[in-house]
1. Run the dipole for the chain about the Cα centre, Lys and Arg Cβ at +1, Asp and Glu Cβ at -1, nothing else charged, and hand back the magnitude in debye, nearest 20.
2. How far is helix 230-240 tilted off the main Cα axis of the chain, in degrees rounded to 10, range 0 to 90?
3. Report, by chain and number, residues whose modeled amide H sits under 5 Å from the one on residue 80, excluding near sequence neighbours (fewer than 5 apart, same chain).
4. Would you please give the residues with an amide H less than 5 Å from that of residue 212, counting only those at least 5 places away or on a separate chain, with H modeled from the backbone geometry?
5. Quick one: helix 110-128 against the long Cα principal axis of the chain, what's the angle to the nearest 10°, folded into 0 to 90?
6. With θ set to phi - 60°, apply the Karplus curve 6.51 cos²θ - 1.76 cosθ + 1.60 along segment 213-219 and write out the HN-Hα couplings as whole Hz, x wherever there is a Gly or Pro.
7. Using 7 Å Cα-to-Cβ label points, what is the residue 39/residue 152 separation (nm, one decimal)?
8. Return the distance in nm (one decimal) between the two label points of a simple spin-label model at residue 103 and residue 278, each offset 7 Å from Cα along Cα→Cβ.
Amino acid sequence: MKIRTIDRTWLSRFPGAEDWRKVLPVRGGLSTDEKFEIFTRTGEHLILRVADENQTRRKYAEFAFMQRCQALGFPMPRPVACGLHAGRVYELLTFVPGEPLSQELIGMPEDEQYRLGQEAGRALAAIHSVVLEPAERRHADGEAEARKQMVFRYLASRHRMAGDDATVIFVAKHVAPPKRLAGLHGDFHSGNLLLTPEGKLAVIGFDRCRVGDRWQDFQRAQTFTVPRSAAFVNGQIHAYFCGEPPAEFWEALAYEAAYGAIRQIVEAQGHGADAVQQMQASYVRAARDFRGFTPCEPPRWYVPAR
């Protein structure tokens, strides 16, 4: 649910606001956070993300995870501050300059798309290398039950896809507790990657980070990146696995693609008819790419590592 709109009084009383020179709202995206671009009198360029107070635990966990990712070697926002202010929880992050990769990939030579995909794969592998505390590992305990409930929500939806019985059965058969636990970015795709002025790949959009099966972080690439650049996703996979992935990866990816396809239709219902149609089209692409999700072979767009 979208949080109630922040007014000028809330912003003017924010700690340190007297040092702000300009504040601009950031539009777009499906995050429920409200976002503001901030320019300070001392030349800092920041992003302020704000959520309702009931999201405090989630936002503190997100902030802590980003802090632990700082030393991983790729550009990303630097966490500056996190706290509570007048009934909201906030994160203050440094602004990362760059152009959205989802736009930059258009018309780019295929070998350059592949090279940037390799950068993305190495960054994702680094994120998954962050050591989890025992308490954090327990955060994934309810994942299987949550996925079952999502399948039930899809079955009750009026936006079900024609001939989807085999997909639903495939997903239900594979629902299980996560096997390869890691801290996940949670929304890793070209829309959350920037091409910096130095030509580096920067990772943003950590607001869906969580603990789960590390291969879940490839699902969003199927939905949002493959339609723009299969070469990029091939590079991402090859670099992540330092070559060819193990055979069990393809079955896991087919499952994630199938589950993601039905989950995204359910989640799109709160964003209007156009969003639902986009996710239904994504379902069709995923079903085609994975040959109806069975047998579990590499998707049609995959090219083996050379």
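Just so it is clear, none of the values below were taken in a lab; they were calculated from the coordinates. If you're wondering where the values come from, they're calculated on a predicted model, not measured in any experiment. Using ideal geometry, Cβ is built from the backbone for each residue, glycine included, and neighbour counts are taken over all protein chains shown.
1. Magnitude of the dipole: close to 540 debye.
2. Its long axis makes an angle of about 80 degrees.
3. 92, 93, 94
4. Correct list: 182, 184.
5. Around 70 degrees separate the two axes.
6. Once θ is set to phi - 60°, the couplings for segment 213-219 become 5, 4, 6, 4, 6, 8, 5 Hz.
7. Label at residue 39, label at residue 152, 5.2 nm between them.
8. The modelled label-to-label distance comes out at 1.5 nm.
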